[in-house]
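Colleague: Okay, handing you the structure first.
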Amino acid sequence: MRITRVYTRTGDKGNTRLVGGQEVPKDHQRIATYGTVDELNAIVGIIRVFLRENPMTEANRSLLDGQLHRIQNDLFNVGSDLATLPDDRWPGMYRVGGDDVTQMEGWIDVLNEEVGPLTEFILPGGGKVGAFFHQARTVCRRAERECVALLRAEPEAGEGAMRYLNRLSDYLFVAGRWAAKQAGEPEPLWQRPAPKV
């Protein structure tokens, strides 16, 4: 792929084009959905930048960075899938689905085994990297909600992206806890309010 022009002026009137060339308004549900996926991908990129400064072992940093690099590529593929109408999909087009979800479940299981069970709700935090993981988790949940709305309007959009985003939000939560533990950062706990007398 070769991009020679950054601007097309199509958006000056509030429209944009899908992969197949169809012009749609920028507030179309499909655009909102893959726009949120793009936002999530940007936050994952921020996590990877701050991960370089995280005081964990090089092996653990490399493990997490490799997973996040894969996730960024997967999110790009999710966005591409969401930007393409079913009739415009091409043979061999990569669509995130079952194998990607299964792989992520394996990552979750390994990381979760090290952090142990929760005894109380935690608040977003756990150092810079942990906090960005929590932000990514909330944006991922928003992407998931956007995907639900899209699937309700266009069931043929496919459920692979939905399953992936659902599992990814779980991964981001566990990876945030794991990164905080590796860095020796305390996780702030929710303080249960005292009963009213």
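Colleague: Using the Karplus curve 6.51 cos²θ - 1.76 cosθ + 1.60 with θ = phi - 60°, work out ³J(HN,Hα) for each residue of the range 78-91 in order, rounded to whole Hz, and write x for Gly and Pro.
Modeller: For the range 78-91, the Karplus curve yields 4, x, 4, 4, 5, 7, 10, 5, x, 5, 9, 5, 10, x Hz.
Colleague: In Å³ and rounded to a whole number, note down the convex hull volume per residue for the Cα atoms of the range 23-183.
Modeller: On the way: hull volume 18.8 nm³, N = 161.
It comes to 117 Å³ per residue, whole-number rounded.
Colleague: Could you rank the peptides 51-60, 126-135 by their average count of other C-beta atoms within 10 Å per residue, with the highest value first? All intermediate terms of the calculation are to be shown ahead of the outcome.
Modeller: On the way: 51-60: 13.5, 126-135: 22.5.
Going from most to least packed, we get 126-135, 51-60.
Colleague: Please compute the Kirkwood hydrodynamic radius over the range 99-172, one decimal place, Å, based on all pairs of different Cα atoms.
Modeller: On the way: mean 1/r = 0.0731 Å⁻¹.
This gives a value of 13.7 Å.
Colleague: Here's a follow-up. Using alpha carbons only, what's the Rg to Rh ratio of the range 131-197 with Rh from Kirkwood? Don't skip to the end; give the middle numbers.
Modeller: Details: Rg = 16.5 Å, Rh = 14.0 Å.
With Rh from the inverse mean 1/r over Cα pairs, Rg/Rh is 1.18.
Colleague: Amide H neighbours of LEU189 under 5 Å, at least 5 residues apart or on other chains, H built in the peptide plane: list them.
Modeller: For LEU189, the qualifying residues are LEU123.
All of the numbers you see were taken from the coordinates with simple rules; none came from a lab. Because the structure is predicted, anything quoted here is derived from the model rather than measured. Positions of Cβ are backbone-derived with ideal geometry, glycine not excepted, and every protein chain shown enters the neighbour counts.
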